[in-house]
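Trainee: Pasting a structure here, questions to come.
The values are calculated or read from the model by the stated rules, or taken from the named source; none is laboratory data. Computed from a predicted structure; not experimentally measured. Ideal geometry is used to build each Cβ from the backbone, glycine not excepted, and the neighbour counts take in all protein chains shown. The area values use the complete protein model at the heavy-atom level, side chains included, leaving out ligands, DNA and RNA. Shrake-Rupley method; radii C 1.70, N 1.55, O 1.52, S 1.80 Å.
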Amino acid sequence: MRRGGGYLGVYLGDVGEERARELNLPEVRGALVGKVAEGSPGERAGLKENDVILSINDEKIQNRAQFHRLLTGAAPGSRVQLEISREGRRRIISATLGQRISAGLDERERLFGESNALLTVAEERRQMADEAKQKGDEKTAARLLEEEQELRKQVADRRAFVETELREGKIALSPRAPRAEAGVVRGRNRLGLVAIPLSEQLAKQFNVVGAGLFVTEVRAGEAAERAGIRAGDCIIRFNGAQVGAPTDLNRLPAAENGREPEEATLVIVRDRAELTVTLRLEQR
């Protein structure tokens, strides 16, 4: 089995403007720590959920993709210095990287990528519910807890499906396999987000009538993040047309006079209410 790259053992997310405010960050950048694997180099170094990794060996981190590239380029067994923000306070910690088994472990992470993204949104719903309870808003807390339960059910169903496909040999662990769960197409688009088809159960939970897309990831610094889109939003229309597949987000108007469109419009459902959001697109 081919080996390569350093391993920290943490799930990472990007930092949007709203999350940066919640975490008392002076800048909208960094890699947000989610789940920390038990016994991993990250746990031994003292990393905790909601820490934000700001730099590695004095190199500033803009988003999780950049951190992942730097991490996998580091030698297993090497010691790295991480600057993190925890509850708004900066601190320096050191970690000794483990060995990454890329052909198997990395591919399993890719296959379960959508499940992990849904789990992150579920955990955010739990946190929001706790905050609503503290404010005495029991109705909102109850709704958020229902959403969390449905998201966790979706996570379990998706994991079970992939495990069955692996066990029966219908999909194989391969370094060349697509970066998605079986049967799921990840959206690659100029909007800077990843979305999956909205299941019937989630549509009902989020008050969406008909087809739609569930946002699982918003990439830092790109159009969707700048416009305030966040993981957990449901997209129902893109430039006036209903959406049902991630590839629908590629439907931009044809270039006019040699110029590509500068804006795109999304209709989303957030907190069971429709919102219209305009995204400013970067020119390529």
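Trainee: Do you know which residues across region 151-188 are loosely packed, with under 15 Cβ neighbours inside 10 Å, modelled with pLDDT of 50 or more and β-branched (Val, Ile, Thr)?
Mentor: Within region 151-188, THR164 is the sole residue that qualifies.
Trainee: Something else: Assess whether VAL15 counts as being among the β-branched types (Val, Ile, Thr), closer than 21 Å to ILE229 by Cβ, in contact (Cβ under 8 Å) with a residue 24 or more places away in the chain and in contact with a Gly (Cβ under 9 Å, 6 or more places away or on another chain).
Mentor: Spelling it out, VAL15 is indeed among the β-branched types (Val, Ile, Thr), closer than 21 Å to ILE229 by Cβ, in contact (Cβ under 8 Å) with a residue 24 or more places away in the chain and in contact with a Gly (Cβ under 9 Å, 6 or more places away or on another chain).
Trainee: Let me ask something additional. Give GLY46, GLY42, GLY5, GLY34 a once-over and let me know the one that is under 21 Å from VAL215 (Cα atoms) and touching a residue at least 12 places away in the same chain (Cβ under 8 Å).
Mentor: Of GLY46, GLY42, GLY5, GLY34, the one residue that is under 21 Å from VAL215 (Cα atoms) and touching a residue at least 12 places away in the same chain (Cβ under 8 Å) is GLY34.
Trainee: So, in region 88-106, how many residues would count as being modelled with pLDDT under 90 and either surrounded by fewer than 16 Cβ atoms within 10 Å (Cβ to Cβ) or not β-branched (Val, Ile, Thr) (or both)?
Mentor: Within region 88-106, residues that are modelled with pLDDT under 90 and either surrounded by fewer than 16 Cβ atoms within 10 Å (Cβ to Cβ) or not β-branched (Val, Ile, Thr) (or both) number 8.
Trainee: Out of the residues in region 107-124 that are part of a helix (DSSP H, G or I) and either over 21 Å from ASP233 (Cβ atoms) or at pLDDT 85 or above (or both), state the one that is most open to solvent (accessible area, probe 1.4 Å).
Mentor: Per the criteria, the residue is ARG108.
Trainee: Could I ask something else about it? Sort out which residues of region 1-27 are within 21 Å of ARG89 (Cβ to Cβ), in contact with an Asp or Glu (Cβ under 9 Å, 6 or more places away or on another chain) and modelled with pLDDT of 85 or more, and write them in order of number.
Mentor: The answer is VAL10, ALA20, LEU23, ASN24.
Trainee: Which numbered condition trips up GLU147, out of (1) open to solvent by 40 Å² or more (accessible area, probe 1.4 Å); (2) at pLDDT 85 or above?
Mentor: (1)
Trainee: Yes or no: region 64-85 includes at least one residue that is exposed (fewer than 14 other Cβ atoms within 10 Å of the Cβ), free of Cβ contacts under 8 Å to residues at least 60 places away in the same chain and in a strand (DSSP E or B).
Mentor: So far as region 64-85 goes, yes, one or more of its residues are exposed (fewer than 14 other Cβ atoms within 10 Å of the Cβ), free of Cβ contacts under 8 Å to residues at least 60 places away in the same chain and in a strand (DSSP E or B).
Trainee: A further question on this structure: Could you please find all residues in region 11-22 being in contact with a strand residue (DSSP E or B) (Cβ under 8 Å, 6 or more places away or on another chain) and either surrounded by fewer than 14 Cβ atoms within 10 Å (Cβ to Cβ) or closer than 20 Å to GLY42 by Cα (or both)?
Mentor: TYR11, LEU12, GLY13, ASP14, VAL15 - these are the residues of region 11-22 that are in contact with a strand residue (DSSP E or B) (Cβ under 8 Å, 6 or more places away or on another chain) and either surrounded by fewer than 14 Cβ atoms within 10 Å (Cβ to Cβ) or closer than 20 Å to GLY42 by Cα (or both).
Trainee: Is it the case that PHE214 is surrounded by 12 or more Cβ atoms within 10 Å (Cβ to Cβ), farther than 28 Å from ILE61 by Cβ, touching a Cys at 6+ places or on another chain (Cβ under 9 Å) and modelled with pLDDT of 80 or more?
Mentor: no
Trainee: Out of region 254-276, which residues are at pLDDT 70 or above and hydrophobic (A, V, I, L, M, F, W, C)?
Mentor: ALA264, LEU266, VAL267, ILE268, VAL269, ALA273, LEU275, listed by residue number.
Trainee: If you don't mind, another one. Condition first: assigned to a loop (DSSP other than H, G, I, E, B), more than 20 Å from GLN62 (Cβ to Cβ) and in contact with a helix residue (DSSP H, G or I) (Cβ under 8 Å, 6 or more places away or on another chain). Now tell me which residues in region 190-207 satisfy that.
Mentor: Passing the criteria: SER199, PHE206.
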